[in-house]
Protein chains: 2
Amino acid sequence: MRTAKAPTLSLTSDAATRRLQIVDQTLLPFALEIRELVTWQDCAEAILSMRVRGAPLIGVTAAYGMALAASANATDDHLDTAYNALLATRPTAVNLAWALAIMCKLANSIPHAERAELLWAEAVRIESADAATNYAIGQHGLALIKALHEKLARPINILTHCNAGRMACITWGTATAPIYLAAQSGLPVHVYVEETRPRNQGLITQWELQDAGITHTYLVDNAGGHLMQQGKVDVVLVGADRITLAGDAANKIGTYLKALAAYDNHIPFYVLAPVSTIDTTLVDVSAIEIEERNGDEVRLVHGTDEAGRTTSVRMLPAEVSVTNPGFDVTPARLITGIITELGVAAPQHLGAMLNNAAKR
Amino acid sequence: MRTAKAPTLSLTSDAATRRLQIVDQTLLPFALEIRELVTWQDCAEAILSMRVRGAPLIGVTAAYGMALAASANATDDHLDTAYNALLATRPTAVNLAWALAIMCKLANSIPHAERAELLWAEAVRIESADAATNYAIGQHGLALIKALHEKLARPINILTHCNAGRMACITWGTATAPIYLAAQSGLPVHVYVEETRPRNQGLITQWELQDAGITHTYLVDNAGGHLMQQGKVDVVLVGADRITLAGDAANKIGTYLKALAAYDNHIPFYVLAPVSTIDTTLVDVSAIEIEERNGDEVRLVHGTDEAGRTTSVRMLPAEVSVTNPGFDVTPARLITGIITELGVAAPQHLGAMLNNAAKR
């Protein structure tokens, strides 16, 4: 196993210079380019063009956008302009509106002269809170990997689907958090990275793991079941987009198939996500609407040409009928545990865990 | 639903002109080009370069190669030369050696003067036998689709993985045979075609179905389980590379995952293959060796560029570790029935069906 190195972060902020540095994710995994964001307009452009992606990261970038707006001109008018422009970049992103609302509320409660300083501090707080949540998820997951390692006394083979990783968050990611913490603590792990057609987010996961010096093997989604049959997978770790109170989890298309294979081969299957992913209004799994995405995600494939330039090839003519559901739902009965910042809960105990946490 | 039209055949022969016409499968699905084979050398080149592929089709092409050799020069020396060259094209293809052995045995039992005529007739017989086998498989499968249609009184949704289709055979294919027969008999069917990464043989299936005017929808492999959860699939039809006497079936990687999803959603799952696919020496499924294929099949993806030229893009650098198993094994317990030219058998009754057939 290669030794772990300090991994590239999706976003870093420098209080002294009031600048952000981001990974331009429109170029990943085929090129790594760091961009500097200096104005709120830079932040808006980065969100709009998807140079930053993933709900937590979008929220943090927008919060810094408000802080940068206040640094330039702390009047109500200017902050309103920045707020409206930032909000309009990704209108359906819940985290974006949530982070912007926090920043506006704070700005309205303090004198103009303090806004630049205190909005920056608040953006740092939102950034740190995301990192802390994922660190806690990672610690709970790490305990499970440690237990497996004590039992098996060899490197632990982890299979993951899609990218619930560092690049969608500030640090750690969700499903990847225990992997990074295991590597940091010297626990030997090997990750099976699934391609995750049609958008091939496995390429981002592969890039992240390589960047962090963690041993891994890439495979097409079809091969995951066979690996489990062969005893090559010790645990499956995936993220989630939405979890019901009954413990059913909506995640990237194809997750359900891996949960079936894990169940069939008696392999533990964990879903890792912050508590904010649990939709306490949702009990009935059939109420989760599955987004039908553009068929061109299937018809075209992105990669690099012989000269290393990013390009794409067409696999199917535009007129071929394609179905492209973005997510599927893994029923609670196939899930060993759901790992949040609060701890590990069997799906049927999710509600009780939330209740206990609320009482504290 | 579009009306069915006469589909393009992988190979046609003309006794009057002693010529073959083949689809150049190295260009599929991105271009359709028909090539003429006039000499045994043409046949050898077509097999070697994989312009013809699929065990049955390779065997038939080689048989015609011997017939064409006899037409040019029916001496033992010349036939030996052709035999050796044809055999060397794909040394591991069982059907190739089998077909060539039949042709040699016949040639050795008849006068030189009759060889051209009788070897051609024998090649026609081998060709027809393949078509007849698949037609019988198709008829047994068709009965199941008919029964589903009588029960559901709407178009029947069939999901298929990989390409167990017309292009690997002479006509009909195996898993596709009931689909073509259903379309011919006016039964309304709709086919969900899985991409089948890494080699994307779903593109060939899609091309075949479009060529035959059969309604279909293309999807990535990850989406198949979700479609089953949504009640959008009535039956799964797949081929097989090898079947044990216990009814376990080795087929293209990813088949096992679809069998799990079909089982979980109470959807019938059928494996369609000629009796020759059943390996009566194999009882223990773990004895099936799974081929680990070149990782570049995963790292590179083929398609067309904007000008319509066939090209490829690189998704992963050459140094990224990839695992690329070619097949997986679907356990008998997940298979509703195995459909051969002899009929439909539950996996546990496969041995009995073979015994009964042998007694007749």
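Rounded to the nearest 10 square angstrom, residue B:252 shows an accessible area of 30 square angstrom against a 1.4 Å probe. Normalised by the number of residues in chain A, the mean separation of alpha-carbon contacts (under 8 Å, six or more apart) gives a relative contact order of 15 percent. Taking the Cα of residue A:266, stepping 7 Å toward and past its beta carbon, and measuring to each backbone N in the range A:140-158: which are under 15 Å? Only A:152 pass the distance filter.
Counting only other residues whose beta carbon sits under 13 Å from that of residue A:291, what net charge do I get with K and R as +1, D and E as -1? Once positives and negatives cancel, what remains is -1.
Among B:200, B:163, B:73, the largest mean-square fluctuation in a Gaussian network model of chain B (Cα springs under 10 Å) belongs to B:73. The phi-based Karplus calculation (6.51 cos²θ - 1.76 cosθ + 1.60; θ = phi - 60°) puts the 3J(HN,Hα) values of the range B:313-330 at 10, 9, 9, 9, x, 4, 7, 6, 5, 10, 10, 9, x, x, 9, 9, 10, 8 Hz, whole numbers, x for Gly and Pro. Counting only alpha carbon atoms, the long axis of helix A:255-264 and the longest principal axis of chain A meet at about 30°.
If you run the Gaussian network model on chain B, springs between alpha carbon atoms under 10 Å, then out of B:277, B:311, B:174 the most flexible one is B:311.
Going by Cα centres, the range A:205-269 and the range B:104-164 are how many Å apart? Going from one Cα centre to the other spans 40 Å. Considering only beta bridges that DSSP places wholly inside the protein assembly as shown, some 55 percent are antiparallel. In this simple spin-label approximation, residue A:76 and residue B:6 carry label points 7 Å from Cα along the Cα→Cβ vector, and these lie 8.1 nm apart. Placing a label point 7 Å from the Cα of residue B:73 along the Cα-to-Cβ direction, the distances to the matching points in the other copies come to 9.1 nm, shortest first. Here is how far apart the residue A:19 label points are across copies: 7.1 nm, shortest first, using a point 7 Å from Cα toward Cβ. At residue A:333 and residue B:287, where each label point lies 7 Å from the Cα along Cα→Cβ, what is the point-to-point distance in nanometres? Between residue A:333 and residue B:287, the simple spin-label model gives 3.6 nm. Between residue B:185 and residue A:279, the FRET efficiency from the beta-carbon distance, with R0 = 35 Å, is close to 0.15. The Cβ shell under 13 Å around residue A:68 holds other residues with a net charge of -3, Lys and Arg each +1, Asp and Glu each -1. When DSSP beta bridges are restricted to pairs lying wholly in chain B, around 55% turn out antiparallel.
Once the C-beta distance of residue B:31 and residue A:132 is scaled by a Förster radius of 56 Å, the resulting FRET efficiency is 0.50 to the nearest 0.05.
For chain A, the longest principal axis of the Cα atoms and the long axis of helix A:112-152 meet at an angle of about 10 degrees. Pairs over the 26 Å Cα-Cα cut-off, from the set A:252/B:151; A:258/B:151; A:232/A:252; A:252/B:146; B:258/B:359: A:252/B:151; A:258/B:151; A:252/B:146; B:258/B:359. Compute the signed sum of charges (Lys and Arg +1, Asp and Glu -1) over the other residues within less than 15 Å, Cβ to Cβ, of residue B:89. Counting the neighbours of residue B:89, the net charge comes to +1. An oblate overall shape is assigned to the range B:16-96, the ratio a/c of its alpha-carbon gyration tensor axes (a ≥ b ≥ c) being 1.5 or greater and a/b not exceeding b/c.
The Cα center of the range A:1-80 and the Cα center of the range A:306-340 differ in position by 27 Å.
For residue A:36, the distances from its label point to the matching points in the remaining copies are 6.9 nm, ordered from shortest, with each point set 7 Å beyond Cα toward Cβ.
When DSSP beta bridges are restricted to pairs lying wholly in the range B:218-360, around 65% turn out antiparallel. Placing +1 on the Cβ of every Lys and Arg and -1 on the Cβ of every Asp and Glu, with nothing else charged, gives the range A:249-360 a dipole about its Cα centre of roughly 440 debye. About its Cα centre, the dipole of chain B is roughly 920 debye, where the only charges are +1 on Lys and Arg Cβ and -1 on Asp and Glu Cβ. Residues whose amide H comes within less than 5 Å of that of residue A:30, counting only those at least five positions distant or on another chain, are absent (H built at 1.01 Å from N in the peptide plane). Taking B:103, B:315, B:167 as the candidate residues, the one with maximal mean-square fluctuation in a Gaussian network model of chain B, Cα springs under 10 Å, is B:315.
Can you tell me the FRET efficiency between residue A:98 and residue B:309 if r is taken as the Cβ-Cβ distance and R0 is 56 Å, rounded to the nearest 0.05? The value I calculate is 0.70. Relative to the longest principal axis of the Cα atoms of chain A, helix A:55-72 runs at roughly 10 degrees. Label separation (residue A:150 vs residue B:246): 3.6 nm, computed from points 7 Å beyond Cα along the C-beta direction. Taking amide H as placed 1.01 Å from N in the peptide plane, the amide H of residue B:324 sits under 5 Å from that of B:293, each at least 5 places away or on another chain.
The values are calculated or read from the model by the stated rules, or taken from the named source; none is laboratory data. Model, not experiment: these values are computed from the prediction. FYI the Cβ positions are ideal-geometry reconstructions off the backbone, even for glycines, and counts take in every protein chain you see. Surface areas here come from the heavy atoms of the whole protein model, side chains and all, with no ligands, DNA or RNA. Shrake-Rupley method; radii C 1.70, N 1.55, O 1.52, S 1.80 Å.
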